[in-house]
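Trainee: Below are the structure tokens for one structure; questions will follow.
The values are calculated or read from the model by the stated rules, or taken from the named source; none is laboratory data. On a predicted model such as this, the values are computed, not experimentally measured, just so you know. We place every Cβ from the backbone using ideal geometry, glycine too, and count neighbours over all the protein chains shown.
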Amino acid sequence: MKRLVLLVAATALALGAAAQTSRNALDGVLGNILRGQLPVPGAAANPAPAAAAPAVAGDLIGLLMQQGGSIDEAREIEIGRQLAAVLLGSKPLHADAGLQRYVNTLGRWIALQSSRPQLPWAFGVLDDAGFNAFAAPGGFVFVTKGLVDRVTEAELAGILAHEISHVTERHHLAALRTKAQAGAATQLLASQLRSDSAVRQAVQSQLLGLARNLYSSGLDQADEYGADRLGVALATRAGFDPYGLPAVLQQLRTQAPDNPLFSLTLATHPPAQARLEQLEQAMGQRLDAHAGKPAVRIEQRVAAQARR
Ligand SMILES: [Zn+2]
């Protein structure tokens, strides 16, 4: 219990202390995604193989298509950055800077407890009325405004932790490779393209096709169940009520599949009832000691943050 209290206190402290940093981070990281200039973390100390250079960017599709071998972190981040730009290209960020700051701070706090705290985690709220959450390799996570409006803080924490787990387990990266190898992309030879901008354009249009394919068809069911289990553990470790994600699944369970606001989420995930049953089997009552925290509304947090 003592540990839990400490965790909660640490959460509050971190959320407070990180507010300023996160304000800069929002302007910095998300702005950089939009401008396509995300700095590769650790690049200064340990010169990464210039992930943003056009020659390497031209290589990304080839890399995804290659059988076997692993994709290093700098390239994973570069692939994710391009995918994040695709997502932001179809849905812009919501204009509420206070809300963006809060979600970014919350997401970063949770990601710090994950197995890959060193990634350049960036979280954003998309200006969309639907109920959706998306992640891209390397630490990019987006939720829609329609989702944020329908959940409590613990529920949002559960959703972010689910998306963070997809990133730490490299689920999207694996799915992209499978799709690229199945012929959804064609080999791109950077040397055949005349200019850097031609390479960049060709890569972007190929990644756009792969990304559309990925985000409309979803991940493997096993990856979804895995992200649910890891997500609940992660949200709990970060000090939130373990029942946040299950509560969201309860909400999804009662939605009609043809409700346009929920249809993409429902179509790209296993049935909510099956996810709840899997979680119940995995959790049992083991996390009940961490449950029962008072629900916090997101507007409360955003308002409190604005007063600091
Ligand atoms: Zn998922």
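Trainee: Could you please let me know if Q285 is closer than 23 Å to Y225 by Cα, without any contact (Cβ under 8 Å) to a residue 60 or more places away in the chain and touching a Phe, Trp or Tyr at 6+ places or on another chain (Cβ under 6 Å)? Full working, then the answer.
Mentor: Numbers: closer than 23 Å to Y225 by Cα: yes; without any contact (Cβ under 8 Å) to a residue 60 or more places away in the chain: yes; touching a Phe, Trp or Tyr at 6+ places or on another chain (Cβ under 6 Å): no.
The answer is no for Q285.
Trainee: Now a separate question. Which of the residues spanning region 144-175 are within 12 Å of the ligand (Cβ to nearest atom), of a type outside the set (A, V, I, L, M) and more than 16 Å from T268 (Cα to Cα)? Step through it out loud before you land on a result.
Mentor: Here is the first cut: in region 144-175, the ones within 12 Å of the ligand (Cβ to nearest atom) are 158-167, 169, 171-172, 175.
After this cut, where a residue has to be of a type outside the set (A, V, I, L, M) as well, the list is 158, 162-163, 165-166, 169, 171-172.
Correct list: G158, S165, E169.
Trainee: What are the residues in region 205-223 that are under 13 Å from P270 (Cβ atoms) and not acidic (D, E), if any? Steps first, please.
Mentor: First, pick out the residues of region 205-223 that are under 13 Å from P270 (Cβ atoms): 218-223.
Residues satisfying the conditions are G218, L219, Q221, A222.
Trainee: Still on this structure: Sort through K145, K179 and tell me the only one that's of a type in the set (K, R) and modelled with pLDDT under 90.
Mentor: Values: K145 fails: modelled with pLDDT under 90.
So the residue among K145, K179 that is of a type in the set (K, R) and modelled with pLDDT under 90 is K179.
Trainee: Something else about it: Determine which member of the set L214, L207 is surrounded by 19 or more Cβ atoms within 10 Å (Cβ to Cβ), under 23 Å from the mean Cα position of the chain (by Cα) and either modelled with pLDDT of 80 or more or among the polar types (S, T, N, Q) (or both).
Mentor: L214
Trainee: Now a separate question. Here is a list: V103, V141. Which entry is free of Cβ contacts under 8 Å to residues at least 40 places away in the same chain, buried (at least 20 other Cβ atoms within 10 Å of the Cβ) and either under 22 Å from G239 (Cα atoms) or within 16 Å of the ligand (Cβ to nearest atom) (or both)? Step through it out loud before you land on a result.
Mentor: Numbers: V103 fails: free of Cβ contacts under 8 Å to residues at least 40 places away in the same chain.
When all the criteria are applied, what remains is V141.
Trainee: Just give me the residues in region 224-242 being of a type outside the set (V, I, T), touching a His at 6+ places or on another chain (Cβ under 9 Å) and farther than 18 Å from N132 by Cβ, in sequence order. First the steps, then the outcome.
Mentor: Taking region 224-242 and keeping what is of a type outside the set (V, I, T), we get 224-231, 233-235, 237-242.
Imposing the further condition that a residue be touching a His at 6+ places or on another chain (Cβ under 9 Å) reduces the set to 224, 226-228, 230-231, 234-235, 239-242.
Across region 224-242, the qualifying residues are G226, L230, L234, A235, G239, F240, D241, P242.
Trainee: Taking region 230-251 as the search range and keeping residues that are touching a Lys or Arg at 6+ places or on another chain (Cβ under 8 Å) and not in a loop (DSSP other than H, G, I, E, B), which one is nearest to the ligand (Cβ to nearest atom)?
Mentor: Our first condition is that a residue be touching a Lys or Arg at 6+ places or on another chain (Cβ under 8 Å); within region 230-251, this holds for 240-241, 249, 251.
Remaining after also requiring not in a loop (DSSP other than H, G, I, E, B): 249, 251.
Numbers: L249: 11, Q251: 15 Å.
That would be L249.
Trainee: Residue under question is A291, and the condition is that it be among the aliphatic types (A, V, I, L, M), surrounded by fewer than 17 Cβ atoms within 10 Å (Cβ to Cβ) and either at pLDDT 85 or above or closer than 17 Å to A154 by Cα (or both); does it hold?
Mentor: yes
Trainee: For region 256-267, does any single residue satisfy the condition of being over 16 Å from Q281 (Cα atoms), modelled with pLDDT of 95 or more and either within 12 Å of the ligand (Cβ to nearest atom) or hydroxyl-bearing (S, T, Y) (or both)?
Mentor: Checked region 256-267: no residue is over 16 Å from Q281 (Cα atoms), modelled with pLDDT of 95 or more and either within 12 Å of the ligand (Cβ to nearest atom) or hydroxyl-bearing (S, T, Y) (or both).
Trainee: Follow-up question, since we're still on this one. Identify, please: which residue in region 126-138 is surrounded by 21 or more Cβ atoms within 10 Å (Cβ to Cβ) and away from the ligand (no atom under 15 Å from the Cβ) and is, among those, farthest from L87 (Cα to Cα)?
Mentor: Filtering region 126-138 for residues that are surrounded by 21 or more Cβ atoms within 10 Å (Cβ to Cβ) and away from the ligand (no atom under 15 Å from the Cβ), the one farthest from L87 (Cα to Cα) comes out as G138.
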